[in-house]
1. Is there a residue being closer than 29 Å to ALA297 by Cβ, open to solvent by 10 Å² or more (accessible area, probe 1.4 Å), assigned to a strand (DSSP E or B) and among the β-branched types (Val, Ile, Thr) anywhere in segment 47-70?
2. With the requirement that a residue be under 21 Å from ASP6 (Cβ atoms) and touching a helix residue (DSSP H, G or I) at 6+ places or on another chain (Cβ under 6 Å), what does segment 276-296 give you?
3. Taking segment 94-128 only, how many residues are open to solvent by 40 Å² or more (accessible area, probe 1.4 Å), over 18 Å from ASP143 (Cβ atoms) and touching a strand residue (DSSP E or B) at 6+ places or on another chain (Cβ under 9 Å)?
4. Specify which of the listed residues (GLY133, GLY137, GLY150) is more than 14 Å from the ligand (Cβ to nearest atom) and under 21 Å from ARG295 (Cα atoms).
5. Find all pairs meeting these conditions: Cβ atoms under 7 angstrom apart; at least six residues apart or on different chains; first residue within segment 157-185 and at positive phi; second residue more than 10 Å from the ligand (Cβ to nearest atom) and among the acidic types (Asp, Glu).
6. So is GLY198 open to solvent by less than 80 Å² (accessible area, probe 1.4 Å), away from the ligand (no atom under 16 Å from the Cβ) and either farther than 15 Å from MET248 by Cβ or not acidic (Asp, Glu) (or both) or not?
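The values are calculated or read from the model by the stated rules, or taken from the named source; none is laboratory data. Predicted model only: the values in this text are computed from it and were never measured. Cβ: placed from backbone, ideal geometry, glycine included. Neighbour counts: every protein chain shown. For accessibility, only protein heavy atoms count, side chains too; no ligands or nucleic acids. Shrake-Rupley method; radii C 1.70, N 1.55, O 1.52, S 1.80 Å.
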Amino acid sequence: MLVGIDIGATKTVALAVGKDGSVRGRSKKRTKAREPEAILERAEKAAREAVKEAGASFKKVRRVGIGVPAGVLDGVARLAPQLGWQDVPVRELAEGIFGRQVVVENDVNLGLVGEFHEANLGPLSTACAFFFGTGMGGAVIVDGRILRGGRGLAGELGHIIVEPGGRACGCGNAGCLEAYASKTALLARIKSALFDEGRESALRDEISPDDRVVRSSVLKKAWDAGDDLAREVVEEGMRYFGLGVASMMNGLDPDLVVLGGGVVEAFGDEMVESVKDQAAPHLFADRERISVVRRTALGDDAVALGAAYVARTG
Ligand SMILES: [Zn+2]
């Protein structure tokens, strides 16, 4: 029995996973505290509950995999703005709390590992993923291994440039994909249209000037209602998203491109098809390759399943 845990800003999901990759038990808890110890103690409780639901003994769990929303180097979470963590030795703390070996990895990397190994997509060698949520997360697998790069900075697909001299990005640069295709970017565009330009929109009832986040469901509802502003902003996001996908495909020639995250989940296949339509004309040599682009197969479980996978393989 293996345990994979996905620690997110709002919830922690623990899965008890069989050696064949099947989910045998699960537990979900709200991520309440911000202190690393308190969060890991709740994660340990969730792990015990998941294993109990699987009808197994926690003693049988050899190793635990944990995904965190941060860059991870040697078991240390470098910076996790969503949790308010900086340089937290997660592996060391978790091994003390769980009383067994723990593998810690960036959550986006694990989401792609989950899709790559556990979604039964057949033999694959190279893949990349885009997770369209508050930001635009990215990950790359080359020849079956997570691409880390020379300094551990690889896979930041949200920061490939899609518009020279374009909009300011949270990373300090300009024209990044994330500055066009992320909930943060969409909200900034909507607020500017509503409150600076005085545009009319159904979104006026949903969004106030000091909002810092927007729910994907709010965008989807306005989109479905045919709201002009929602259509304009989301369509622009999808256009740039397609450019980002095409650029990565031209660089990697992957046999899988995963599109996930809250916005993709909310908009579903309609968004995936639109991004494919935007990307295909830019593909080098063979446009049919666009067929490797697909929505997450594992949805919400991808990160925890990826965590269980790295717990198994080390
Ligand atoms: Zn950026």
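1. No.
2. Scanning segment 276-296 gives ARG295, THR296.
3. 3
4. Being more than 14 Å from the ligand (Cβ to nearest atom) and under 21 Å from ARG295 (Cα atoms) holds for just one of GLY133, GLY137, GLY150, which is GLY133.
5. Filtered contacts from segment 157-185: GLY175/GLU163.
6. Considered against the rule, which asks whether it is open to solvent by less than 80 Å² (accessible area, probe 1.4 Å), away from the ligand (no atom under 16 Å from the Cβ) and either farther than 15 Å from MET248 by Cβ or not acidic (Asp, Glu) (or both), GLY198 comes out as yes.
Per-residue answers, yes or no, for (1) touching a Leu at 6+ places or on another chain (Cβ under 9 Å); (2) at pLDDT below 95:
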residue: CYS169; (1), (2): yes, yes
residue: ALA193; (1), (2): yes, no
residue: GLU197; (1), (2): no, no
residue: SER217; (1), (2): no, no
residue: GLY226; (1), (2): no, no
residue: ALA230; (1), (2): yes, no
residue: LEU243; (1), (2): yes, no
